[in-house]
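Structure, as structure tokens:
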Amino acid sequence: MNIKELKKLVSDMSLEEKALQLTQYPVYELDEKTEAVVTGLCDLGGIDREVLWRTGTILNAPNGETAQSIRKTRRGKGIADPFPFMLDVIHGYRTIYPVPLAMACTFNTALIEDCAELAATEASCDGVDVTFSPMVDLGRDARWGRVMEGAGEDPYWSGEVGKAMIRGYHRGGIACCVKHFAGYGAAEAGREYNTTDISERNLREYYLRAYRACLKEQPEMFMSSFNLLNGKPILGHKEIMLDLLRKEWGFNGVVISDFGAVEELYEHGYCETGRDCARVAIESGLDIEMGSSVYASYLPELVRTGVVSEERLDEAVLRVLELKNKLGMYENPDRFTDIQKRDEVTLSESGRALSRRAVEEGSVLLKNDGVLPLKESAKIALVGPFADEHEIIGNWAGKGRIEESVTVKEGVESLLQKNVPYERGCSWKLFETDESGFEEAEHICAQADMIVACVGEHMMNSGEAHSRADIRIPEIQRKFIMRLHELEKPLVLVVFGGRPLGLSEIEEFADAILYVWQPGTEGGNGIANLLYGKATPCGKTVMSFPRSSGQCPIYYNCFTTGRPKKQDMPSALSGEEWRTGYDDEYNSPLYPFGYGLSYTEFEYSDFKLSAAKMKRGEKIVASVKLKNVGKRDGYETAQWYIHDLFASIVRPVKELKGYEKIFLKAGEEKRVYFEITEEMLKFYTDGGKYAAETGAFELYVGGNSRDCLKTNFELVD
Ligand code: GLC
């Protein structure tokens with residue numbers, strides 16, 4: 001279809017049909033068994049079943065067969081309009097790979113892209129046309145459950161991950177949706193759906209950067225977020241939804257609300273009626289209302305009474321039709337839905353292998369006193385609530401099936417080709433107190449040479465609506481770990497989590513800590529490969545690990561403040577007073593952004609700059625020698641950070657500006673290069689311009705944001 005034909009379709013629609021194009025409900029609402037009148041969470045509007053069949057798009061694709069049958073039923077009702085199915089394909093469709101936070105720890109955009117393509121291929125064969133991904137909300141507060149879905153605390157890297165996911169989805173044949181626009185990650189106290197208060201400068205400098213970066217890969221959609229921002233729900237911010245997103249950034253794709261968020265304008269205390277919710281939303285540039293029907297209930301009348309222009313309505317409808325047109329749905333309404341191909345590509349060996357590699361590259365080795373990798377001859381006892389647990393595929397796991405995942409026990413026994421002694425020991429439940437399983441676990445540990453304990457938080461204790469005020473491993477497990485430690489045997493902790501958990505109380509009891517996040521379908525196999533050295537850990541954490549919940553939010557790219565501490569110690573221990581910090585806690589995280597160990601060691605030396613002064617418009621080149629000084633081959637991710645020492649708006653003590661993931665054989669060395677440009681020194685200055693300011697800079701390079709080599713350079717006019 002060309003634009004003229006699409007515009008004709010729009011002009012031929014009634015106001016009611018236009019409003020329905022902009023309405024999206026979940027597919028279960030089409031089920032005859034669901035109650036007749038379909039409303040939203042606040043019950044401010046409502047449409048009946050027959051009308052629901054006429055909406056422009058639908059949420060939650062069931063499967064290919066049902067998608068085809070629903071489309072056929074619609075055509076049978078005389079509805080020629082194509083009908084895209086949209087679904088949260090967040091980290092896999094049926095072959096589930098690690099949660100996005102783990103994928104970001106791989107620092108491997110090619111792998112991220114390949115996994116997204118795998119997900120899109122499985123999904124498109126099964127009737128999915130659009131995914132509500134990538135989520136690029138900045139994740140600085142580990143108490144917020146949705147850090148699991150993002151790429152961590154760095155705006156630049158979050159953008160790189162989002163771009164790679166978009167490229168992968170497009171390669172796999174589905175459209176995508178950048179979310180949640182905007183600032184959702186700044187929920188006060190990490191409390192889900194809570195208020196956010198972000199200055200325009202911080203929005204642009206940190207919270208919006210990744211969304212903007214994603215535009216380079218032409219995402220088809222954006223999703224507006226739930227949160228109140230600076231006293232108004234996001235849909236009340238025309239200066240963000242229209243002036244910034246549409247005009248300044250030039251995004252002309254579809255903007256969809258989050259589920260029920262249009263009606264929630266009422267709950268927020270911003271709109272008094274459903275009619276007002278509809279007016280505010282359509283005037284904000286929102287195209288599709290998800291999960292409620294104030295558009296369907298009130299837009300026709302708002303246009304008839306001249307409150308809303310029909311032109312605005314037509315713009316929104318045209319964008320939805322353009323999305324369908326881009327998906328090729330006017331030529332082929334079923335697109336790539338292909339049951340036979342689906343059954344061939346789903347859960348394929350190659351897909352599982354890719355997912356397994358993502359486990360191996362996304363897991364982060366936080367501690368290793370030489371006990372890893374394990375020898376196959378070692379007599380281990382495998383214990384803990386996640387040792388033989390299938391529920392490790394993560395929240396938002398698409399159509400992934402728990403029973404299709406590989407547990408750690410299954411993975412280890414498959415690798416060793418023998419059974420290993422196993423006892424659960426305790427439950428993973430929050431507030432669990434039953435210690436009755438400890439004894440059996442201690443018994444098998446007493447017979448073993450070393451203990452592998454699989455602990456952490458359950459996959460449903462992170463993700464949407466799963467914030468935690470106490471980010472530690474649940475108490476029952478901490479007690480269990482202490483009991484294991486008292487057995488005085490080498491203790492390896494394999495930790496599952498959708499967020500960086502507070503490990504400081506148990507860190508000292510472990511001889512090794514392998515952080516596997518929520519690893520997905522191939523979790524057990526990938527973890528076994530890491531434990532036994534078939535794969536060498538190379539993941540680098542993209543979120544700082546807090547020592548305690550009280551430190552949250554904690555992130556590396558913070559400001560020095562006017563009274564930086566001289567010693568990184570709790571003041572009550574160091575006696576250092578009147579300085580930024582706590583009496584009873586460190587300022588530093590337990591493990592910093594960019595941190596992750598390997599089974600080999602890497603050495604950085606001979607750090608050089610092509611010049612100490614850089615003129616505007618020119619560039620200088622930094623280089624460093626990187627050597628694998630250990631006994632095993634492995635990957636290292638060299639990270640480059642910059643600090644603008646003095647500026648009209650204070651700059652963070654470090655900002656990640658580049659990285660390079662390098663494979664080095666044991667003993668091999670390479671010189672790594674990094675180009676510094678004026679562009680990467682730019683920021684939103686006090687004058688409001690986006691520009692670099694002359695002056696002194698520090699350049700850091702290292703294997704994490706803390707342990708770096710440092711040099712200086714100057715930007716001059
Ligand atoms: C949810 C989530 C959003 C998701 C949408 C559709 O509430 O906030 O990320 O895409 O609803 O499932």
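Determine the dipole magnitude for the chain: charges of +1 sit on the beta-carbon of Lys and Arg, -1 on that of Asp and Glu, nothing else is charged, the reference point is the Cα centre, and the result goes in debye to the nearest 20.
For this selection, approximately 1940 debye.
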Between ASP197 and GLN447, what's the calculated FRET efficiency when r is the beta-carbon distance and R0 is 51 Å? Round to 0.05.
0.35
Where does the charge balance sit around GLU17 when Lys and Arg score +1, Asp and Glu -1, over other residues with C-beta under 10 Å from its C-beta?
-1
Under-5 Å amide H pairs with VAL262, H placed in peptide plane, nonlocal only:
MET290
Whenever you get a sec, line up ARG335, ARG74, ARG191, ARG212 from highest to lowest accessible area (probe 1.4 Å, protein heavy atoms).
ARG191, ARG212, ARG335, ARG74
How large is the charge dipole for the range 3-340, taken about the Cα centre, if only the Cβ atoms of Lys, Arg (+1) and Asp, Glu (-1) carry charge, to the nearest 20 debye?
640 debye
Taking only Cα atoms, what is the 0 to 90° angle, nearest 10, from helix 64-76's long axis to the longest principal axis of the chain?
10 degrees
Would you please name the chymotrypsin sites (Phe, Trp or Tyr not before Pro) within the range 259-366 that are DSSP coil residues with at most 16 other C-beta atoms within 10 Å of their C-beta?
TYR330
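Given a Förster distance of 25 angstrom, what is the FRET efficiency for SER348 paired with ASN60, based on the Cβ-Cβ distance and rounded to 0.05?
0.55
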Around TRP640, which amide H atoms from residues at least 5 apart in sequence, or from another chain, sit under 5 Å from its own amide H, with H modelled in the peptide plane?
LYS657, GLY658, TYR659
If you find the alpha carbon centre of the range 286-322 and of the range 569-610, how far apart are they in angstrom?
53 Å
Rounded to the nearest 0.05, what FRET efficiency do TRP249 and GLU488 have when you use their Cβ-Cβ distance and R0 = 60 Å?
0.50
Under the Karplus relation 6.51 cos²θ - 1.76 cosθ + 1.60, θ = phi - 60°, what is the ordered set of whole-Hz ³J(HN,Hα) values for the range 607-613, x standing for Gly and Pro?
7, 10, 10, 5, 7, 8, 10
Inter-centroid distance (Cα atoms) of the range 117-155 relative to the range 630-703, Å:
26 Å
Folded to 0 to 90 degrees: helix 109-125 orientation relative to the chain principal axis, Cα:
40 degrees
Charge dipole magnitude, Cβ of K and R +1, D and E -1 - the range 355-531, Cα centre, debye nearest 20
420 debye
Sorting GLY695, PHE663, TYR641 by the position of each Cα along the dipole of the range 602-716 (Lys, Arg +1; Asp, Glu -1; all at Cβ), the one nearest the positive end of that ordering is PHE663
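Name the chymotrypsin sites (Phe, Trp or Tyr not before Pro) in the range 612-653 that are in a loop by DSSP and that have at most 15 other C-beta atoms within 10 Å, would you?
PHE646
Loop only per DSSP, at most 15 neighbouring Cβ atoms within 10 Å: give me the GluC sites (Glu not before Pro) in the range 613-667, ordered by residue number.
GLU618
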Could you tell me how far the Cα centroid of the range 352-392 sits from the Cα centroid of the range 427-500, in Å?
14 Å
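Tell me what the chain gives for mean residue ellipticity at 222 nm when only DSSP H runs of n ≥ 4 count, each as -39,500 (n - 2.57), the sum divided by the residue total, rounded to 500 deg cm²/dmol.
Roughly -7500 deg cm²/dmol at 222 nm, from the helical runs in the chain.
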How far, in nm, would the chain grow between SER69 and ALA189 when pulled straight, counting 0.36 nm per residue and subtracting the alpha carbon separation?
38.7 nm
Inverse of mean 1/r across different Cα pairs in the chain, Kirkwood, Å:
26.8 Å
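The values are calculated or read from the model by the stated rules, or taken from the named source; none is laboratory data. For clarity, every value in this text was computed on a predicted model and none was experimentally measured. All Cβ positions, glycine included, derive from the backbone under ideal geometry; neighbour counts span all protein chains shown. Surface areas here come from the heavy atoms of the whole protein model, side chains and all, with no ligands, DNA or RNA. Shrake-Rupley method; radii C 1.70, N 1.55, O 1.52, S 1.80 Å.
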